[in-house]
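The values are calculated or read from the model by the stated rules, or taken from the named source; none is laboratory data. In this text the structure is predicted, and so the values were computed from the model without any measurement. Neighbour counts run over all protein chains shown; Cβ positions are idealised from the backbone, glycine included.
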Amino acid sequence: MTTPPVPAHVWESVLPVCDGRGSMIGTGVVVAPRQVLTALHVVHPEPAPLIADRLAVTAIISLRPWQFGATRRLAQSSYQRTVILSGADDGTVDLALLAVPELRAPSLPTRRTPVRTGELVTVPGYPGGWRTASHGPITSADEADFVAHVSLGAGISGAPAIDRHGRLAGLITMDHATAGAIAIGPAILSAFADRAPMQLRARDLNPRR
Amino acid sequence: MTFPVAPAATLRASVTTFSARPASSVAGCFGRLGLVEPAAAGDLGRWGLTLGRSAPTGWSAGWPGCATGGLRRPGLPATLGVTEQALRAGIERSPDLGIAGPVRWPVVWWVNPAPLAAGFEPLYDGERLTLHLAAADPTHRPLVLSGVHLDASLQVELDLDLGLDPTPAPRYGELGYALARLAAMSTRWLAEGHELFSLLNRAWKASPAPLWSSGRLHVHCADLGERIATKFWADGAAATRLELVIWTDSRGGLVLVNAYPCTTEHSIPDPEDEAK
């Protein structure tokens with residue numbers, strides 16, 4: 001048996017995201033201490049309270065495309081793609097950072113380099129509330145998003161696509177019948193990971209915002 | 001960077017009635033991802049959008065033709081009723097699965113015949129209908145086809161009470177949806193003259209041990225000795241090997257969650273590796 005391309009510890013960083021009644025509404029991945037990344041459509045406009053891994057979510061941060069700095073063009077492209085493909089419009093890129101102060105789960109590093117077609121990714125998540133994972137090749141990619149030959153059901157939104165180094169290479173947001181899962185790629189993810197925590201800190205300093 | 005695009009026939013099969021937007025507004029945006037139409041793309045985080053909504057209520061109307069086309073085999077009906085007797089016989093042949101019986105079920109389960117013709121057997125485990133494929137070594141656990149990883153709520157579609165309606169229209173529930181997704185995704189790479197479920201059978205029998213495992217996730221790889229697929233994501237390279245991705249469910253069942261042509265990209269370096 002060969003060495004697994006995905007380290008076993010990554011499973012600890014993948015969490016179910018639930019509404020206040022405890023119903024599972026999506027998947028999230030820990031990207032920094034007490035911070036969970038998920039798809040924006042999972043938590044918006046879901047009314048409070050939100051629960052991540054049975055712990056309370058105290059803040060939700062999203063960024064407008066212009067807030068992505070040098071990657072704003074890619075952010076705008078990903079946003080438009082989401083609107084046209086899914087018909088859903090949350091007003092910006094389909095990413096949200098959740099503050100979970102009591103969370104102790106380890107975080108995954110975010111990949112900074114582009115993915116390539118043929119690379120294999122692992123996608124763990126909670127489709128239908130069941131803990132499940134799949135694995136498959138990236139079949140197409142551009143600078144903003146990529147498609148992976150993986151199919152998991154409702155509830156997989158917000159799940160990480162993890163590369164063979166155990167890094168967050170993508171975040172699953174949509175599904176295509178014959179192609180598989182559509183994910184936001186590392187360029188947008190890394191820009192979001194750099195900038196969203198600043199919004200979170202600003203919010204903590206001025207809770208009325 | 002280049003962006004591989006699937007063959008035209010595959011792309012046409014992806015067209016659905018999902019979006020009212022004209023195709024011309026979509027092509028430019030998605031052509032680079034190989035998705036020329038919005039197709040059946042949908043939101044996976046909520047039950048209410050696209051796939052989640054369309055699946056329980058006549059999903060086949062909006063499903064790309066390749067979904068049923070990929071399942072259909074010459075000489076077989078479009079669907080096959082699996083009767084209580086067939087289920088009972090399957091259970092009797094697999095006493096080690098711990099499925100209780102005998103029980104009477106007032107339902108007939110409609111399953112596409114392609115996987116059954118390829119050697120899969122229907123089994124009802126008390127909660128849902130699944131298909132089982134025995135391993136080459138009878139001491140090994142069978143491979144399971146189930147829809148639980150796609151959407152457990154869809155199983156309600158399986159209940160067809162023949163006592164109320166003597167000629168019910170066959171509908172597809174959780175399992176049917178799972179089979180359709182497997183077949184739909186395989187249409188992008190399956191080589192001419194091959195049938196997906198027969199390949200799954202051969203690959204499962206030829207790979208008794210996983211290539212690797214991580215927790216409950218296992219990947220098996222089998223070389224089938226002939227061209228079985230064209231990897232559209234690798235400039236149309238021919239593939240002779242098939243990878244089976246298997247998730248061990250909470251009861252120890254080996255559920256197939258993905259299958260694709262086995263690649264050699266395990267060793268593809270990423271730019272960070274190359275810089276080191």
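Residues are listed down the side, and each one gets a yes or a no for (1) more than 14 Å from A:ARG34 (Cβ to Cβ); (2) free of Cβ contacts under 8 Å to residues at least 40 places away in the same chain:
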residue: A:ASP53; (1), (2): no, no
residue: A:ILE60; (1), (2): no, yes
residue: A:PRO65; (1), (2): yes, yes
residue: A:ARG73; (1), (2): yes, yes
residue: A:ARG81; (1), (2): yes, no
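Inside segment A:139-162, can you point out the residues that are more than 7 Å from chain B (Cβ to nearest Cβ) and either in contact with a helix residue (DSSP H, G or I) (Cβ under 7 Å, 6 or more places away or on another chain) or in contact (Cβ under 8 Å) with a residue 40 or more places away in the chain (or both)? Give the derivation first.
First, pick out the residues of segment A:139-162 that are more than 7 Å from chain B (Cβ to nearest Cβ): A:141, A:143-144, A:146, A:148, A:159-162.
If the condition is that a residue be more than 7 Å from chain B (Cβ to nearest Cβ) and either in contact with a helix residue (DSSP H, G or I) (Cβ under 7 Å, 6 or more places away or on another chain) or in contact (Cβ under 8 Å) with a residue 40 or more places away in the chain (or both), then A:ALA141, A:GLU143, A:ALA144, A:ALA159, A:PRO160, A:ALA161, A:ILE162 are the ones that fit.
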Can you spot a residue in segment A:91-107 that is in a loop (DSSP other than H, G, I, E, B) and within 9 Å of another protein chain (Cβ to nearest Cβ)?
-> no
Report yes if some residue within segment A:191-205 is over 14 Å from the mean Cα position of the chain (by Cα) and within 13 Å of another protein chain (Cβ to nearest Cβ); otherwise report no.
-> no
Which of the residues spanning segment A:166-180 are in contact (Cβ under 8 Å) with a residue 24 or more places away in the chain and within 8 Å of chain B (Cβ to nearest Cβ)?
-> A:ILE172, A:THR173, A:MET174, A:ASP175, A:HIS176, A:ALA179, A:GLY180
How many residues does segment B:221-249 contain that are within 8 Å of chain A (Cβ to nearest Cβ) and not charged (D, E, K, R)?
-> 5
Within segment A:41-52, considering residues that are away from chain B (no Cβ under 13 Å) and part of a strand (DSSP E or B), the one surrounded by the fewest Cβ atoms within 10 Å (Cβ to Cβ) | A:ILE51
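Results for (1) under 18 Å from A:ILE60 (Cβ atoms); (2) facing another protein chain (nearest Cβ under 8 Å); (3) modelled with pLDDT of 85 or more, shown as yes or no for each residue.
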{"site": "A:THR2", "(1), (2), (3)": "no, yes, no"}
{"site": "A:PRO5", "(1), (2), (3)": "no, yes, no"}
{"site": "A:TRP11", "(1), (2), (3)": "no, yes, yes"}
{"site": "A:CYS18", "(1), (2), (3)": "yes, no, yes"}
{"site": "A:ILE25", "(1), (2), (3)": "yes, yes, yes"}
{"site": "A:GLN35", "(1), (2), (3)": "yes, no, yes"}
{"site": "A:ALA39", "(1), (2), (3)": "yes, yes, yes"}
Those residues that are at the interface with another protein chain (Cβ under 7 Å from one of its Cβ atoms) and in contact with a strand residue (DSSP E or B) (Cβ under 7 Å, 6 or more places away or on another chain), I need them from segment B:204-220; list them, please.
-> B:PRO210, B:LEU211, B:TRP212, B:LEU217, B:VAL219
Taking strands (runs of 3 or more DSSP E) that do not extend beyond segment A:152-191, which have at least 3 residues that are farther than 15 Å from A:THR122 by Cα?
-> A:168-176
Selection count where residues are charged (D, E, K, R) and in contact with a Cys (Cβ under 8 Å, 6 or more places away or on another chain), scope segment A:79-94 = 1
With the checklist (1) on the phi > 0 side of the Ramachandran plot; (2) free of Cβ contacts under 8 Å to residues at least 12 places away in the same chain; (3) of a type outside the set (Phe, Trp, Tyr) in hand, flag the one item A:GLY128 doesn't pass.
-> (2)
Name the residues in segment A:108-121 that are facing chain B (nearest Cβ under 7 Å) and either more than 19 Å from A:ILE162 (Cα to Cα) or surrounded by 18 or more Cβ atoms within 10 Å (Cβ to Cβ) (or both), would you?
-> A:THR117, A:GLY118, A:GLU119, A:LEU120
